[in-house]
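Trainee: My questions all concern the structure below.
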Amino acid sequence: MSAPGGIMNTAEPIELLETLTLDLPPSSIEFCLAYPNYFLVGTYNLQKESEESGAGVDTQDDTTAKAPQSRNGSLILFRLINGKLELVQTLSTPSAIFELHFHPFPPLWSRFGAVSSTGTFITGRVDPEADPARPIQDITTSRIRGIGEDVLFTSFTWHPSTSNVAAITTSTGHVRLMALDPTTFEIRGSQELPLTSMLETWCVSIVSLPQTREHMIFSGSDDSVLRYTTFSILPVPEVGSEPLPSIKSGDTEEATGPPIWEGQFAGSQAMIADVLASQRLVKNEHMAGVTAILPLPHVRHDAALVVTGSYDEHIRLFLVPHPASALRIISELSLGGGVWKLNLMRFLSHGPGQLTAEVLASCMHGGPQIIKIEVAGEKAEMSVLHALGDHELNYASHFWIRRTGGTNIVTTSFYDKKLRLWDRKT
């Protein structure tokens, strides 16, 4: 049964509190972990030289001739106060923002990173205590040397256990690890991984393997293939008495902050990780491009759980044995729209051999949906708890679970530039 406003309601009600219109189309959103009633929105504006108005994110191949394109965007900070949205600060960016994430390490919860349409990594902090009127602080922008402005950085993820390492994906089908300055978080070097597609790569995620120092890294591309390999972060080398060579970040020489892995850099190619296997390909499981990857916590020591989203409107739950062997789908669900983002909301239960979790899915033409995932041994079931109505291209949604109970959810709508605030009572 559908509740008013087109919300599918199989559990507690969700109420729409407010809708506002942004100046530019929203492409990404995330709440700040250090100040959880603040959230950051990234925008993506695509313009053709022959047109004044923007178009959508160019996520599909177009074989027709295209006019030269330029993209710009912004970072917009909002605050939730008394159930209302308050605009705090807007920073215009010369490039469009593809994705942003706050750092998962508690001492760095105020730190965010974002990737752009001109191959840059933007980072800064949100600190309303330092300046309530301008909380976005210490913005820096850096590049990977040798990668031009015509290459789009399409997504990124922080490394789950090494604070100054992140992975990015590119419009040229590559995946790279980035070594970041531990103070400024500017790029100090990068390493290309053997996860290569002939088409755009849209998403990347890293899974730590229990009882080892190894990690699995997954990427999804427009060729409908899920790729993965295994790696371990190399130890920081001991520094002798001889000075190490300086490292370039883009075209500027880094002169501040302690060196990291500096003795292992060689030009623009760094040795950040020891890659333990060639890429493995998961073909014929997705009927269109793989656009979202979400790892779930282990329920057994010898296998990981990974949820994928695709243009084919499905989410799929894979059981991933390790040492790496063949993946297999243990559940799948159609959501009625291409799945662009997946965010873990909360666990209802988690223990040996079992897991129950809620996931927020941003579905382009299917709108935001809350999914319940239940795993018991090697069996699983997924179902839709809530569908938050139609959106004009929903690329991103995020949430804040309040300490006093209940959840605020903010959803975005690309074409009409809408931001919607919802209240979930539990």
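Trainee: Going by the conditions given, is E285 acidic (D, E), at pLDDT below 75 and out of contact with any helix residue (DSSP H, G or I) (no Cβ under 8 Å at 6 or more places or on another chain)?
Mentor: Here the answer is no, as E285 does not meet what is asked.
Trainee: If you don't mind, there's one more thing I want to ask. Anything in region 323-358 that is surrounded by fewer than 22 Cβ atoms within 10 Å (Cβ to Cβ), of a type in the set (V, I, T) and in contact (Cβ under 8 Å) with a residue 40 or more places away in the chain? List them, or say none.
Mentor: Across region 323-358, the qualifying residues are I329, I330.
Trainee: Sort out which residues of region 212-236 are over 30 Å from E313 (Cβ atoms) and either in contact with a helix residue (DSSP H, G or I) (Cβ under 7 Å, 6 or more places away or on another chain) or among the aromatic types (F, W, Y) (or both), and write them in order of number.
Mentor: Those that are over 30 Å from E313 (Cβ atoms) and either in contact with a helix residue (DSSP H, G or I) (Cβ under 7 Å, 6 or more places away or on another chain) or among the aromatic types (F, W, Y) (or both): F231, L234.
Trainee: Going through A292, A288, A326 one at a time, which residue ends up being part of a loop (DSSP other than H, G, I, E, B) and closer than 28 Å to G389 by Cα?
Mentor: From the options A292, A288, A326, the qualifying one is A288.
Trainee: Now for a different question. Do you know which residues across region 20-36 are part of a strand (DSSP E or B) and either within 21 Å of I401 (Cα to Cα) or touching a Pro at 6+ places or on another chain (Cβ under 7 Å) (or both)? Outline the logic, then answer.
Mentor: Initial filter on region 20-36 (part of a strand (DSSP E or B)): 20-21, 26-31.
Those that are part of a strand (DSSP E or B) and either within 21 Å of I401 (Cα to Cα) or touching a Pro at 6+ places or on another chain (Cβ under 7 Å) (or both): S28, I29, E30, F31.
Trainee: Is one or more of the residues making up region 91-98 among the hydroxyl-bearing types (S, T, Y) and free of Cβ contacts under 8 Å to residues at least 24 places away in the same chain?
Mentor: Scanning region 91-98 turns up at least one residue that is among the hydroxyl-bearing types (S, T, Y) and free of Cβ contacts under 8 Å to residues at least 24 places away in the same chain.
Trainee: Which one is nearest to L276 (Cα to Cα), of the residues in region 207-219 that are part of a strand (DSSP E or B), in contact (Cβ under 8 Å) with a residue 60 or more places away in the chain and of a type in the set (A, V, I, L, M, F, W, C)? Reasoning before the result, please.
Mentor: Restricting attention to region 207-219, the residues satisfying the condition of being part of a strand (DSSP E or B) are 207-208, 214-219.
Going one step further and asking which of them are in contact (Cβ under 8 Å) with a residue 60 or more places away in the chain, we end up with 207, 214, 216, 218-219.
Subsequent filtering for residues that are of a type in the set (A, V, I, L, M, F, W, C) retains 207, 216, 218.
Values: V207: 14, M216: 10, F218: 14 Å.
Top of the filtered list is M216.
Trainee: Considering only region 95-110, I want to know if a residue exists there that is assigned to a strand (DSSP E or B), of a type in the set (F, W, Y), within 17 Å of the chain's Cα centre (by Cα) and under 19 Å from F78 (Cβ atoms). Talk me through it step by step, then tell me what you get.
Mentor: Going residue by residue through region 95-110, those that are assigned to a strand (DSSP E or B) are 97-102.
Filter once more, keeping what is of a type in the set (F, W, Y): 98, 102.
Imposing the further condition that a residue be within 17 Å of the chain's Cα centre (by Cα) reduces the set to 98, 102.
Imposing the further condition that a residue be under 19 Å from F78 (Cβ atoms) reduces the set to 102.
Yes, some residue in region 95-110 is assigned to a strand (DSSP E or B), of a type in the set (F, W, Y), within 17 Å of the chain's Cα centre (by Cα) and under 19 Å from F78 (Cβ atoms).
Trainee: Looking at (1) surrounded by fewer than 16 Cβ atoms within 10 Å (Cβ to Cβ); (2) over 30 Å from R188 (Cβ atoms); (3) modelled with pLDDT under 95; (4) not β-branched (V, I, T), find the lone condition where S70 falls short.
Mentor: Of everything listed in (1) surrounded by fewer than 16 Cβ atoms within 10 Å (Cβ to Cβ); (2) over 30 Å from R188 (Cβ atoms); (3) modelled with pLDDT under 95; (4) not β-branched (V, I, T), S70 misses just condition (2).
Trainee: Here is a follow-up. If only one of A130, A96 is farther than 24 Å from F218 by Cα and surrounded by 24 or more Cβ atoms within 10 Å (Cβ to Cβ), which one is it?
Mentor: Working: A130 fails: surrounded by 24 or more Cβ atoms within 10 Å (Cβ to Cβ).
Result: A96 is the single residue among A130, A96 that is farther than 24 Å from F218 by Cα and surrounded by 24 or more Cβ atoms within 10 Å (Cβ to Cβ).
Trainee: Quick test for you: out of T21, T64, T10, T59, pick the one residue that is at pLDDT below 95, exposed (fewer than 15 other Cβ atoms within 10 Å of the Cβ) and within 25 Å of A361 (Cβ to Cβ).
Mentor: Just one listed residue meets the conditions, T10.
Trainee: Could you list, in sequence order, the residues of region 352-364 that are in a loop (DSSP other than H, G, I, E, B) and at pLDDT 95 or above?
Mentor: To start, the set of residues in region 352-364 that are in a loop (DSSP other than H, G, I, E, B) comprises 352-353, 364.
M364 - this is the single residue of region 352-364 that is in a loop (DSSP other than H, G, I, E, B) and at pLDDT 95 or above.
Trainee: OK, next. Can you tell me which residue among A114, A167, A130 is part of a strand (DSSP E or B) and farther than 23 Å from Q47 by Cβ?
Mentor: Testing whether each residue is part of a strand (DSSP E or B) and farther than 23 Å from Q47 by Cβ leaves just A167.
Trainee: Restricting attention to region 274-307, and to residues there that are within 13 Å of S219 (Cβ to Cβ) and among the small types (G, A, S), which single residue is surrounded by the most Cβ atoms within 10 Å (Cβ to Cβ)?
Mentor: G289
Trainee: While we're looking at this one, here's another question. Go through (1) closer than 22 Å to F39 by Cα; (2) modelled with pLDDT under 95 and name the single condition L344 misses.
Mentor: In the conditions (1) closer than 22 Å to F39 by Cα; (2) modelled with pLDDT under 95, L344 misses (2) alone.
Trainee: Scanning for something more than 30 Å from N45 (Cβ to Cβ), at pLDDT below 90 and of a type in the set (G, A, S), does region 229-245 turn up at least one residue?
Mentor: Yes; the residues of region 229-245 include at least one that is more than 30 Å from N45 (Cβ to Cβ), at pLDDT below 90 and of a type in the set (G, A, S).
Trainee: Taking W202 as meeting all but one of (1) at pLDDT below 95; (2) part of a strand (DSSP E or B), write down the number of the exception.
Mentor: (1)
Trainee: So the check is Cβ under 8 Å with 6+ separation or different chains; which pairs have a first residue in region 291-309 that's farther than 30 Å from G367 by Cβ and a second one that's not in a strand (DSSP E or B)?
Mentor: Partner pairs satisfying both residue conditions: H298/P210; R300/P352; R300/G353; H301/P210; H301/Q211; D302/H322; A303/H322.
The values are calculated or read from the model by the stated rules, or taken from the named source; none is laboratory data. Source: prediction; values computed, not measured. Ideal geometry is used to build each Cβ from the backbone, glycine not excepted, and the neighbour counts take in all protein chains shown.
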